[in-house]
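Asks: There's a structure below that I have some questions on.
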Amino acid sequence: MPRVKRGTKRNDRRKKILKRASGYFLTKSKLYQAAQEAVERGLKFAYIGRRQKKRQFRSLWIVRIGAAAKLNGISYSQLIHGLKQAGIELDRKILADLAVNDAGGFSALADQAKSALTKTAA
């Protein structure tokens, strides 16, 4: 069986890992094995963080909408329920943006939600 040294392929693979690990502390940026472990760990946290970011933004939007809804005399859950019954399909991102930047528009939506709730209650 002939001997295989894997010259450029191994070097390229190692260079790619060490380049990703540049800026890491001490041996994690210099030695391949430590760098590989650190890079894999960092990629794992980055993957998790991308999912957490979505959750955190949704909860921020809900807090903003809830605060603006209270100012308009309605609870968050009643506002969302009323908007669904009124046939207004705005997502929480847009509602939160309206709550922060356009208080008048948000209060108009809150009024529509209130009227939709009173129609179904009657």
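Computed from the coordinates by the stated procedures, all read-outs in this text should not be read as laboratory data. All values reported here derive from a predicted model rather than from experimental measurement. When we count neighbours, we look across all protein chains shown, and the Cβ atoms used for this are built from the backbone with ideal geometry, even at glycine.
Asks: Kindly state which helices (runs of 4 or more DSSP H) lie completely within region 50-122 and contain at least 2 residues that are under 19 Å from the mean Cα position of the chain (by Cα) and either on the phi > 0 side of the Ramachandran plot or not acidic (Asp, Glu) (or both). Lay out the reasoning, then the answer.
Replies: Values: elements: 76-85, 92-101, 103-121.
Passing ranges, in order: 92-101.
Asks: Same structure, new question: Out of all the residues in region 1-29, which are of a type in the set (S, T, N, Q) and out of contact with any helix residue (DSSP H, G or I) (no Cβ under 6 Å at 6 or more places or on another chain)? Even if it seems obvious, please write down each step before you answer.
Replies: Taking region 1-29 first, the residues of a type in the set (S, T, N, Q) are 8, 11, 22, 27, 29.
Hits for region 1-29 are 8, 11, 29.
Asks: I've got another one for you. Name the pairs whose Cβ atoms lie under 7 Å apart, with the first residue in region 48-77 and within 23 Å of residue 114 (Cα to Cα), the second of a type in the set (Val, Ile, Thr) and assigned to a helix (DSSP H, G or I), and 6 or more positions between them or separate chains?
Replies: 64/100; 76/62; 76/65
Asks: Same structure, new question: Would region 10-25 turn up any residue that is in a helix (DSSP H, G or I), among the hydroxyl-bearing types (Ser, Thr, Tyr) and free of Cβ contacts under 8 Å to residues at least 60 places away in the same chain?
Replies: Going residue by residue through region 10-25, those that are in a helix (DSSP H, G or I) are 10-20.
Keeping just the survivors that are among the hydroxyl-bearing types (Ser, Thr, Tyr) gives none.
Within region 10-25, not a single residue is in a helix (DSSP H, G or I), among the hydroxyl-bearing types (Ser, Thr, Tyr) and free of Cβ contacts under 8 Å to residues at least 60 places away in the same chain.
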